[in-house]
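Everything on this sheet refers to the single structure shown next.
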């Protein structure tokens, strides 16, 4: 896989790198980008085999919220077929290995996870990147990762785990900090199996009976903003774990989007001043991704294919950011130097963690000339 394949002629300053489930974890954790959830009952194999969605690099087939309880076993059978179909296509040469997206399943609970896991085969695991654990907490976390570790040992393969922090115990202020510290202790034990820490803002919002409107970001919802801040505080220290942003719920999906009149520069300025760009739904998503980046989140969950290219485009790194990051990492003796744009201070030690994150994002999503290039990257009709 490689990001931005929907726009193959785009002139990157530094090209994004190829990746697959066997890519080194230190890079792979940055590569997921827009991670699209879909019901486990959906037969997505034909779209994978035909390359119908070139921008989509990461999918999650859901056995939980997106799947009716009485259809879970049907969904499991569908996913087993899909994994076999993809592995067969790669082995017989009808599907290039680099065209296989990162495929995850979101399990329902421990019992369902074990039922699905016991039916897995080594052939299927070749096309499965990992498992998402919903409502992950200190009560279920050890058992989830212990069984995941067993699967890795059984197959001699790599299957990653991604905890989704969305439990009411984390939402409640009086129990949040202790719970987050407990969760981190579990993840630290299984560190090399943890690909990302994911967040569930919809579940957090439901605890308080709120829902952000299309004109607001999740960072405007005070109770949820506090939770997300604490999650980044605990898991994002020293780049211990990559934390992804939550889902944006709104979409408008015309067959052709009109990109001709988009601003050629100052994209963030337009969005933060709420000057209309694409439409309310896409502008809201872009605005939220800008705030994700400002707060240290990498990528996010998406529930509609129209969101994918916008999220992944905004994850690209500008040349000025990249040059500053390389300068900082190449000068670890300390001190302060003028930024490459001659417009900021680069303080070597305090900015090192930021620089490491920028370089990894650049490897995953590429380096673009400047902020105006974001528009050129996503403003194509597929």
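Please verify whether the range 15-31 includes one or more residues that are assigned to a helix (DSSP H, G or I), out of contact with any helix residue (DSSP H, G or I) (no Cβ under 9 Å at 6 or more places or on another chain) and at pLDDT 95 or above. Please lay out each step first, then the result.
Going residue by residue through the range 15-31, those that are assigned to a helix (DSSP H, G or I) are 25-31.
In the following step, the residues that additionally are out of contact with any helix residue (DSSP H, G or I) (no Cβ under 9 Å at 6 or more places or on another chain) were identified as none.
Scanning the range 15-31, I find no residue that is assigned to a helix (DSSP H, G or I), out of contact with any helix residue (DSSP H, G or I) (no Cβ under 9 Å at 6 or more places or on another chain) and at pLDDT 95 or above, so the answer is no.
Taking residue 334, is it in contact (Cβ under 8 Å) with a residue 12 or more places away in the chain, surrounded by 18 or more Cβ atoms within 10 Å (Cβ to Cβ) and at positive phi? Before you say what the answer is, go through the steps one by one.
On the way: in contact (Cβ under 8 Å) with a residue 12 or more places away in the chain: yes; surrounded by 18 or more Cβ atoms within 10 Å (Cβ to Cβ): no; at positive phi: yes.
No.
For the range 139-146, does any single residue satisfy the condition of being in the same structural domain as residue 194 (by TED's automatic domain parsing) and assigned to a loop (DSSP other than H, G, I, E, B)? Before the answer, list the steps.
As a first pass, look at the range 139-146 and keep what is in the same structural domain as residue 194 (by TED's automatic domain parsing): 139-146.
Subsequent filtering for residues that are assigned to a loop (DSSP other than H, G, I, E, B) retains 139-140.
Yes, the conditions are met somewhere in the range 139-146.
For residues that are crowded, with 20+ Cβ neighbours inside 10 Å and at pLDDT 95 or above, tally how many sit in the range 364-376.
5
Out of 176, 123, which single residue is within 24 Å of the chain's Cα centre (by Cα), assigned by TED's automatic domain parsing to the domain that holds residue 244, surrounded by fewer than 22 Cβ atoms within 10 Å (Cβ to Cβ) and assigned to a helix (DSSP H, G or I)? Can you show your working first?
Details: 123 fails: within 24 Å of the chain's Cα centre (by Cα).
None of the other options fit; the residue is 176.
Can you tell which of 358, 345 is in contact with a strand residue (DSSP E or B) (Cβ under 8 Å, 6 or more places away or on another chain), modelled with pLDDT of 95 or more and either surrounded by 15 or more Cβ atoms within 10 Å (Cβ to Cβ) or outside the structural domain of residue 219 (by TED's automatic domain parsing) (or both)? Even if it seems obvious, please write down each step before you answer.
Numbers: 345 fails: modelled with pLDDT of 95 or more.
Going through 358, 345 in turn, the sole match is 358.
Within the range 311-320, how many residues are crowded, with 23+ Cβ neighbours inside 10 Å and part of a helix (DSSP H, G or I)?
To start, the set of residues in the range 311-320 that are crowded, with 23+ Cβ neighbours inside 10 Å comprises 311-317.
Restricting the remaining residues to those that are part of a helix (DSSP H, G or I) gives 311-314.
The number of residues fulfilling the criteria is 4.
Looking only at the range 341-370, which residues are in a loop (DSSP other than H, G, I, E, B) and more than 29 Å from the chain's Cα centre (by Cα)? Talk me through it step by step, then tell me what you get.
Residues of the range 341-370 that are in a loop (DSSP other than H, G, I, E, B), as a first pass: 341-344, 348-351, 366, 369-370.
If the condition is that a residue be in a loop (DSSP other than H, G, I, E, B) and more than 29 Å from the chain's Cα centre (by Cα), then 341, 342, 343, 344 are the ones that fit.
Kindly state which helices (runs of 4 or more DSSP H) lie completely within the range 203-303 and contain at least 3 residues that are under 30 Å from residue 135 (Cα atoms). Full working, then the answer.
On the way: elements: 222-235, 267-272, 280-295.
Passing ranges, in order: 222-235, 280-295.
The values are calculated or read from the model by the stated rules, or taken from the named source; none is laboratory data. None of the values given here were measured: they were computed from a predicted structure. Neighbour counts are summed over all protein chains in view; Cβ atoms, including those assigned to glycine, are modelled from backbone coordinates with ideal geometry.
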